[in-house]
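One structure is given below, encoded as structure tokens.
The values are calculated or read from the model by the stated rules, or taken from the named source; none is laboratory data. Everything numeric here is computed off the predicted structure, so don't read it as measured data. In this analysis, Cβ positions are derived from the backbone assuming ideal geometry, glycine residues included, and neighbour counts consider all displayed protein chains. For accessibility, only protein heavy atoms count, side chains too; no ligands or nucleic acids. Shrake-Rupley method; radii C 1.70, N 1.55, O 1.52, S 1.80 Å.
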Amino acid sequence: MALADYPSSPPTLQASCHSVLETVGNTPMITLEMEDFPHLQIYSKLEALNPTGSVKARGACFILNKESDNGRINQQTTIIESSSGNIGLDLAAYCKKLSLKFICVVDQLITPYNNMLIQQYGATIEQVHHPDKNGGYLLNRIARVKELMGEIDNSYWVNQYGNVLNANGYYHTLGREICAEVDHLDYAFLGVSSGGTITGISRRLKESFPQIQVIAVDIVGSVIFGDRPRKRYIPGIGSSMVPSIIQHACIDDFIRIKETDTILGCIELIRRHQLFLGGSSGSVFAAIKNYFTQYPNPRPLYVLVLFPDGGEKYVDTVYNERWCKDTFGEDFAYPPL
Ligand SMILES: Cc1ncc(COP(=O)(O)O)c(C=O)c1O
């Protein structure tokens, strides 16, 4: 197979955006061939190519714009959210651009990378130190958000787990984009954490492709689909509470992936497909393989997969074999090169 020709002369630059943040969306969609499943036509949407590096740019941007338009947010509003991950980064960037104050409530498990970036974007970090009754930090982070809401006049809690605008953002942006890019889909595999992406996209996909099967991908130890809570190490997928917005999602089935399979999924994506992606991408990739091994279906099938972020944030974990062994046991190993 030949690579596409690189254009011999560069196109004339035409600046159409005044900020990189305006380039959100219209991410590339590429097809993947899976050797073991030649009947699957996989369409993968590369959300790491959003300006802040993840799918969450869409939700953050949509919520802030909508709430500004309807007057719930103004120039004096303090935005508050509980996040140690991508939505924290995205809100920090968009709040900076819009000159809004942003307080990001995190816990001590936040990575140095995210901590640095959220602060460089100009947000205030508020750290929760004590674990909650479940042994995690989520409940205490949310309790701190509520305290701050009480203390600060004109504050706005983004509340990605319960804010229908979060899901609406994905319905109107990513969902619409995907439906314009493909003529037919049989399946969609979507990772779940706050439930925003799956709720928005599944509703939009069902409108254009009523027969599509939407498969939610969760991680062992996440309670979203009823598993017992257990310590999880890879962020971005799973949750220690059931997100309320997910009740509006159109989910046909779910599959739960082990974190070791997430890692093997990431390694296969980089080695076979040259895709350097985050943990939740490895999870959905592993989910496709597990699902079609469990339910073989030899007819040609068109499958959408969403890859939410890139691998850079995971170099000390998923992409560090020593960390993998220390975390999951000495028997764990990457496949031989
Ligand atoms: C890397 C990554 N993948 C997947 C998701 C899941 O998306 P959602 O929270 O919309 O369910 C998130 C959410 O934070 C994420 O950061």
Per-selection Rg to Rh, the stretch 217-257 - Cα, Kirkwood hydrodynamic radius: 0.94
Heavy-atom surface of the stretch 147-221, accessible at 1.4 Å and reported per residue (Å²): 34
Relative intensity, log₁₀ I(q)/I(0), of the stretch 21-91 from a Debye sum that treats every alpha carbon as a point, q = 0.19 Å⁻¹: -0.83
Separation between Cα centres of the stretch 261-312 and the stretch 37-103, rounded to whole Å: 24
Inter-label distance, nm, simple model (7 Å from Cα along the C-beta direction), GLU35/PHE276: 2.3
Contour excess over end-to-end distance, with Cα ends at ASP326 and ASP183 and 0.36 nm allotted per residue: 46.9 nm
Within the accessible area of the chain (1.4 Å probe), percent carbon and sulfur: 51
For the stretch 85-244, diffusion coefficient by Stokes-Einstein and Kirkwood Rh (Cα), 37 °C, 0.692 mPa s, µm²/s: 190
13 Å beta-carbon shell around PRO28, net charge (K/R +1, D/E -1): -2
Relative contact order (%) - the chain, alpha-carbon pairs under 8 angstrom, separation at least six: 17
Selected from LEU264, LEU98, LEU190 as most flexible by GNM, with the chain as the system and alpha-carbon contacts under 10 Å: LEU98
The chain, dipole about Cα centre (Lys/Arg Cβ +1, Asp/Glu Cβ -1), debye to the nearest 20: 540
Reachable lysines from LYS325, criterion Cα separation under 17 angstrom, eight or more residues apart if same chain: LYS231, LYS258
Convex hull of Cα atoms in the stretch 56-157, direction-averaged projection (nm²): 6.2
Listed residue (SER208, TYR170, ILE263) projecting farthest to the positive dipole end of the chain, Cβ model: TYR170
Against the rule of thumb 2.2 N^0.38 Å, how large the Cα Rg of the stretch 165-245 comes out: 1.16
Equivalent ellipsoid semi-axes - Cα gyration tensor, the stretch 204-335, angstrom: 26, 19, 14
Highest average packing first - 203-213, 73-83, Cβ atoms within 10 Å: 73-83, 203-213
Distribution of pairwise C-alpha distances over the chain, 20 Å bins, in %: 30, 59, 11, 0
222 nm mean residue ellipticity, helices alone, for the chain (DSSP H n ≥ 4; -39,500 (n - 2.57); rounded to 500): -10500 deg cm²/dmol
Relative contact order for the stretch 179-289, counting Cα pairs under 8 Å that sit 6 or more residues apart, in percent: 28
Under-18-angstrom lysine pairs by C-alpha in the stretch 56-157, whenever the two are 8 or more apart or on separate chains: 8
